[in-house]
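Notes to accompany the following structure.
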Amino acid sequence: MKTFTITGYSTALFSTWYFIDELGILFDAGDGVTSTLLQKSRKIQHVFLSHADRDHITGLLQLNQLNARDGLPVICYPRDGQSYPALEAFTKKFDPHIATTVWMPVAPGDEIWIKNDMLVVPLRNEHVDAAPDTVRSLSYKVMQTKRKLRPELAGLSEDEIKIISREKGKESTTMEVRTNILSYSGDTPVANPETWQDAEILIHEATFLGGEEMVAPNSDKHRHSRLEEVIEMVSATRVQQLILGHFSSRYSAEEIDQRLRQLCDRYALNIPVFRLLPGQTVRDILHSQPINH
Ligand SMILES: [Zn+2]
């Protein structure tokens, strides 16, 4: 199982960002990203924005101001959001020295290569109401690619395979296999378990614990997840490690942890579950103590 050094902060309404050190990527860019990461923020080469709510993008101003250089960072955003071109124009006027930052509209179907064997694919989610052909809110999957022997050749010897490869080319003996090593939900209602079926690590939002907000389920026009639905959904997947964030600050740490342990029990979820409590920055999340172990 892959592991990464993931540092993050995620509290609904205030700020959300996750930095994956080994991949040089940042999921969302809320306030505090640069003041927390300090010089390490320079390692960020790609930023993947899930949507334009201000708690997910306002950290960009300082991130770019300090770190922009030679076409970096590359800021990927949901293609049809109006805020990003406005923000790009403003930041480049406000800080002319960051003119080389790349702002890249992305949509489902795109592949953003971050390393030779690694790419990020955007997925539409239902946080924001939008026409089917309009992309305003995204989740992201990080995929690792490997070349594997074609299954129909499994019985052959190494020499036999070498001969075929020499005669017909590498494509005839191996095929590309993609593994979902890390996924980020962004803000979203809970999706079908299929969406995250094979994510080795899933970072998912869990804004509500469930209960009081049920009185007025549609009072917020932007849709979110409830903790119980997230745990139930993940229990139906092969996700190996779960990071939960974006809890509403209306809940105390005790309320969140108690409910979380209860739900892991109820749904027999035995994988390590980590959580980012409201107001807390967590460094190296995957090496902190899981809440359910
Ligand atoms: Zn949010």
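Please verify whether Ser50 is in contact (Cβ under 8 Å) with a residue 40 or more places away in the chain, within 16 Å of the ligand (Cβ to nearest atom) and in a loop (DSSP other than H, G, I, E, B), treating the condition exactly as stated.
Details: in contact (Cβ under 8 Å) with a residue 40 or more places away in the chain: yes; within 16 Å of the ligand (Cβ to nearest atom): yes; in a loop (DSSP other than H, G, I, E, B): yes.
In short, yes.
Taking Gly59, is it surrounded by fewer than 16 Cβ atoms within 10 Å (Cβ to Cβ) and among the small types (Gly, Ala, Ser)?
Values: surrounded by fewer than 16 Cβ atoms within 10 Å (Cβ to Cβ): no; among the small types (Gly, Ala, Ser): yes.
So Gly59 does not fit the description; no.
Given the conditions (1) away from the ligand (no atom under 16 Å from the Cβ); (2) of a type in the set (Ser, Thr, Tyr); (3) in contact with a helix residue (DSSP H, G or I) (Cβ under 6 Å, 6 or more places away or on another chain), and given that Thr100 satisfies all but one, which numbered condition is not satisfied?
The single condition Thr100 does not satisfy is (3).
Considering each of Pro108, Pro73, Pro78 in turn, give the residue that is within 16 Å of the ligand (Cβ to nearest atom) and at pLDDT 95 or above.
None of the other options fit; the residue is Pro78.
Can you confirm whether Glu160 is part of a helix (DSSP H, G or I) and either among the acidic types (Asp, Glu) or surrounded by 13 or more Cβ atoms within 10 Å (Cβ to Cβ) (or both)?
Yes, satisfied.
If the requirement is being in contact with a Pro (Cβ under 6 Å, 6 or more places away or on another chain) and within 16 Å of the ligand (Cβ to nearest atom), which of these qualifies: Ser185, Ser249?
Within the list Ser185, Ser249, the selection yields Ser249.
If Trp17 passes every condition in (1) part of a strand (DSSP E or B); (2) within 12 Å of the ligand (Cβ to nearest atom); (3) open to solvent by 10 Å² or more (accessible area, probe 1.4 Å) but one, which one does it miss?
Of everything listed in (1) part of a strand (DSSP E or B); (2) within 12 Å of the ligand (Cβ to nearest atom); (3) open to solvent by 10 Å² or more (accessible area, probe 1.4 Å), Trp17 misses just condition (3).
Residue by residue through segment 122-133, note down the ones that are within 18 Å of Ala191 (Cβ to Cβ) and open to solvent by 30 Å² or more (accessible area, probe 1.4 Å).
Filtering segment 122-133 down to residues within 18 Å of Ala191 (Cβ to Cβ) leaves 122-130, 132.
Across segment 122-133, the qualifying residues are Leu123, Arg124, Glu126, Asp129, Ala130, Pro132.
Restricting to segment 74-85, what's the tally of residues that are closer than 22 Å to Val128 by Cα, outside any helix (DSSP H, G or I) and open to solvent by less than 60 Å² (accessible area, probe 1.4 Å)? Explain how you work it out, then say what you get.
First pass over segment 74-85, keeping only residues closer than 22 Å to Val128 by Cα: 75-85.
So of that shortlist, the ones also outside any helix (DSSP H, G or I) come out as 75-82.
Right, trim to open to solvent by less than 60 Å² (accessible area, probe 1.4 Å) and you get 75-78, 80-81.
Residues flagged as closer than 22 Å to Val128 by Cα, outside any helix (DSSP H, G or I) and open to solvent by less than 60 Å² (accessible area, probe 1.4 Å) within segment 74-85 amount to 6.
Tell me the residue from Glu22, Glu88 that is free of Cβ contacts under 8 Å to residues at least 60 places away in the same chain, away from the ligand (no atom under 16 Å from the Cβ) and surrounded by fewer than 16 Cβ atoms within 10 Å (Cβ to Cβ), please.
On the way: Glu88 fails: surrounded by fewer than 16 Cβ atoms within 10 Å (Cβ to Cβ).
Going through Glu22, Glu88 in turn, the sole match is Glu22.
So that you can scan it fast, the table gives a plain yes or no per residue for (1) acidic (Asp, Glu); (2) at pLDDT 95 or above; (3) in contact with a helix residue (DSSP H, G or I) (Cβ under 7 Å, 6 or more places away or on another chain):
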| position | (1), (2), (3) |
| --- | --- |
| Leu182 | no, yes, no |
| Ala199 | no, yes, no |
| Pro217 | no, no, no |
| Asp220 | yes, no, no |
| Ile243 | no, yes, yes |
| Arg250 | no, yes, no |
| Glu254 | yes, yes, no |
| Arg261 | no, yes, no |
| Tyr267 | no, yes, yes |
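Do we have any residue at all in segment 28-46 that's crowded, with 16+ Cβ neighbours inside 10 Å, of a type in the set (A, V, I, L, M, F, W, C), in a loop (DSSP other than H, G, I, E, B) and in contact (Cβ under 8 Å) with a residue 24 or more places away in the chain?
Looking through segment 28-46, at least one residue is crowded, with 16+ Cβ neighbours inside 10 Å, of a type in the set (A, V, I, L, M, F, W, C), in a loop (DSSP other than H, G, I, E, B) and in contact (Cβ under 8 Å) with a residue 24 or more places away in the chain.
Across segment 62-73, what is the number of residues that are in contact with a strand residue (DSSP E or B) (Cβ under 6 Å, 6 or more places away or on another chain) and either crowded, with 18+ Cβ neighbours inside 10 Å or free of Cβ contacts under 8 Å to residues at least 24 places away in the same chain (or both)?
Looking only at that region, the number is 1.
Restricting to segment 278-293, count the residues that are of a type in the set (A, V, I, L, M, F, W, C) and either assigned to a loop (DSSP other than H, G, I, E, B) or over 23 Å from Trp196 (Cα atoms) (or both). Can you show your working first?
Here is the first cut: in segment 278-293, the ones of a type in the set (A, V, I, L, M, F, W, C) are 282, 285-286, 291.
In the following step, the residues that additionally are either assigned to a loop (DSSP other than H, G, I, E, B) or over 23 Å from Trp196 (Cα atoms) (or both) were identified as 282, 291.
Qualifying residue count, segment 278-293: 2.
The values are calculated or read from the model by the stated rules, or taken from the named source; none is laboratory data. The structure displayed is predicted, hence computed values, not measured ones. We place every Cβ from the backbone using ideal geometry, glycine too, and count neighbours over all the protein chains shown. Calculation scope for accessible area: heavy atoms of the full protein, side chains included, ligands and nucleic acids excluded. Shrake-Rupley method; radii C 1.70, N 1.55, O 1.52, S 1.80 Å.
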